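The values are calculated or read from the model by the stated rules, or taken from the named source; none is laboratory data. It should be emphasised that the depicted structure is a prediction, and the values quoted were computed from it without experimental measurement. In this analysis, Cβ positions are derived from the backbone assuming ideal geometry, glycine residues included, and neighbour counts consider all displayed protein chains.
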Amino acid sequence: MPVQELSDVDVVDRATEVARRTWPGAVVSEVRRLEGGVSSLTYAARVSADELDQQVVLKLAPPGLEPVRNRDVLRQARVLDALAPVPGFPVPRVLLRDAGAPPEVPPMFAMELRPGQAYEPLLDVADLPPSAAEVATREHELTRALALLQSRTPASLGVGDEPVSTAGEELARWQRLFATVDADIAPGHESLGERLAARVPADIEPRLVHGDYRAANMLFVGPRLEAVIDWEIWSVGDPRPDLAWVLLHTAPSHVFHPDRSAADLEAGRLMPTAADLLATYVAARRELGASVAELADATTDLDWFLGVAHYKVASTIAVIWKRERKRPEPDPKVAHAAAHLDEVLAAGHAALG
């Protein structure tokens, strides 16, 4: 079934119907589409009722498609509920949810709109980038938060019934994505895939995995972590991809903007090194009671996971460019990123040694 368009009026009507089940007479207004997340529809809105005036974020599955995998917005709400009680790991609080009647009436949920800036220091552009000192503090803060998350077992978080994904399945996911890409995009990617497939490490004890854990998917107020957001691809499995993803973004090989302002460049001036953040992670896990064996597991074979992280970046950009270049006016950011795919693949090889 083809994807259907969803107007702002549709969103208001649907959100109002759901909100009034909890808050009689609720009025939904000020709806605007938000960037972020590629598999579901995201809006900011205001919900007003007696003694209520709440800024919210609405997440809806795309109408006309079955709400499965990363389109399953109620699964996103589930992980937010699971993480809400964890002190020191802030996530938005879920306020409303509705299963709908998919695919015509998509599932949805509403969560509180938290303040803060989502900004990837070495990649993004912003009118008011954070200071270099704020960036450095943020990176250590998000790394300590990851250590806290990975100190908890899936069962202790209430998601122990989730299927467990393996390191090999993580690699296979991006291999399947590359298999859909035209041959002239990212030529030579096969050799990196083959090197990675030749030495898949043994899995360690599973943990809850965000799947895109980095500063751009967090909200910071100054140096303070306000919320970890964008849980579209969360899973339970080997936790090292999240740590490798953090380390990759201390020196990303991919680019989206040919020119970044002096303020954006200054924001990344004090970016911690991968070694710095790895030391922060280990110290935080140790403080949280991790054993020597657990720390060894969590930090072994990180070169392989970094190689996969670069491979993931390359496959994602490649598949987006495959679609984008068919348009009359391709997105310049995607075109620029695609022009540097050989550098991303080279970084993946370098990570492997």
- prompt: Could you give every pair whose Cβ atoms fall below 7 Å, whose first residue belongs to the stretch 1-25 and is assigned by TED's automatic domain parsing to the domain that holds V57, and whose second residue is modelled with pLDDT under 95 and surrounded by fewer than 15 Cβ atoms within 10 Å (Cβ to Cβ), counting only separations of at least 6 or pairs across chains?
  reply: W23/L52; G25/D50
message: Given (1) without any contact (Cβ under 8 Å) to a residue 40 or more places away in the chain; (2) not in a helix (DSSP H, G or I), identify the lone condition not met by D182.
response: (1)
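Here is a yes/no grid of residues against (1) polar (S, T, N, Q); (2) under 20 Å from L225 (Cα atoms); (3) free of Cβ contacts under 8 Å to residues at least 24 places away in the same chain:
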| residue | (1), (2), (3) |
| --- | --- |
| T42 | yes, no, yes |
| S48 | yes, no, yes |
| L65 | no, no, no |
| V68 | no, no, yes |
| R71 | no, no, no |
| V79 | no, yes, no |
| P87 | no, yes, yes |
| P102 | no, no, no |
| Q117 | yes, yes, no |
- request: Determine, yes or no, whether A183 is touching a Lys or Arg at 6+ places or on another chain (Cβ under 8 Å), outside the structural domain of A84 (by TED's automatic domain parsing) and small (G, A, S).
  value: no
Elements of type helices (runs of 4 or more DSSP H) contained in the stretch 292-353, each with 1 or more residues being among the acidic types (D, E): 292-299, 302-324, 341-352
